[in-house]
1. Cross-link partners among lysines for Lys93, C-alpha distance below 21 Å, same-chain residues fewer than 8 apart left out?
2. Would you kindly state how much longer the chain becomes between Leu49 and Ala90 on full extension, computed as 0.36 nm times their sequence separation minus their alpha carbon distance, in nm to one decimal?
3. Taking amide H atoms as placed 1.01 Å from N in the peptide plane, list the residues 5 or more away in sequence, or in a different chain, whose amide H sits under 5 Å from that of Leu20.
4. Please report the base-10 log of the normalised intensity I(q)/I(0) for the stretch 62-106, using a Debye sum with one equal scatterer per alpha carbon and no solvent, at each q in 0.21 (1/Å).
5. For Ala111 and Glu79, FRET efficiency with R0 = 25 Å and r from the beta-carbon atoms, rounded to 0.05?
6. Between Ala116, Ala13, Ala42, which gets the highest mean-square fluctuation from a Gaussian network model of the chain, Cα cutoff 10 Å?
7. Got a sec to turn the phi values of the stretch 61-72 into Karplus ³J(HN,Hα) couplings, 6.51 cos²θ - 1.76 cosθ + 1.60 with θ = phi - 60°, whole Hz, x for Gly and Pro?
8. So what is the calculated 222 nm ellipticity per residue for the chain, using -39500 (n - 2.57) for each DSSP H run with n of 4 or more, over all residues, to the nearest 500 deg cm²/dmol?
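Since every read-out is calculated from the coordinates, none of them should be taken as a lab result. Remember, it's a predicted structure, so these values are computed and weren't measured experimentally. Quick reminder, even Gly has a Cβ in these numbers, built from the backbone with ideal geometry, and neighbours come from all protein chains shown.
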Amino acid sequence: MPTFRQAVEAKDAAAIEAMLADDVIFTSPVAFKPYQGKAITAAILRGVLRVFEDFRYVREIHDGAHHVYEFEATVDGLEINGCDLLTFDADGKITDFKVMVRPLRAAEALAARMGAQFENIKADATRAAAAPSR
């Protein structure tokens, strides 16, 4: 199984989803309320993979179960800088996934792009939740 970083850099949505705990909590940089559950989190992350261009991790910090991955990417021609803050459980599953981004203008572009596809993301999550477990 690839590491989280390897899965993201390879845009391997299935591998990323396999790393998520069933009750993972995803905190978006552009939504007020966190999302809970593997299906919606995986669907959001698939959407992010479609939105970010030239995505690359530039730094990693690990402290036991807590991992921080700093990234750079482009959204609608704007450079975006951010961090994925992850907490892993004893089984190696991600239980908490928080994303923070800057600067504001790029975060607004990200919010607009993700908002434009959010109905599809919710439908994707509903389909995934209804599908038999793999």
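1. Lys11, Lys38
2. Values: separation 41, 0.36 × 41 = 14.76 nm, distance 2.69 nm.
Roughly 12.1 nm would be gained on extension.
3. For Leu20, the qualifying residues are Ile94.
4. -0.68
5. The computed FRET efficiency comes out at 0.95.
6. Ala116
7. Using θ = phi - 60°, the values come out as 10, 10, 9, x, 7, 9, 10, 10, 10, 8, 10, 10 Hz.
8. Details: 5 runs with 52 residues, N = 134.
Roughly -11500 deg cm²/dmol at 222 nm, from the helical runs in the chain.
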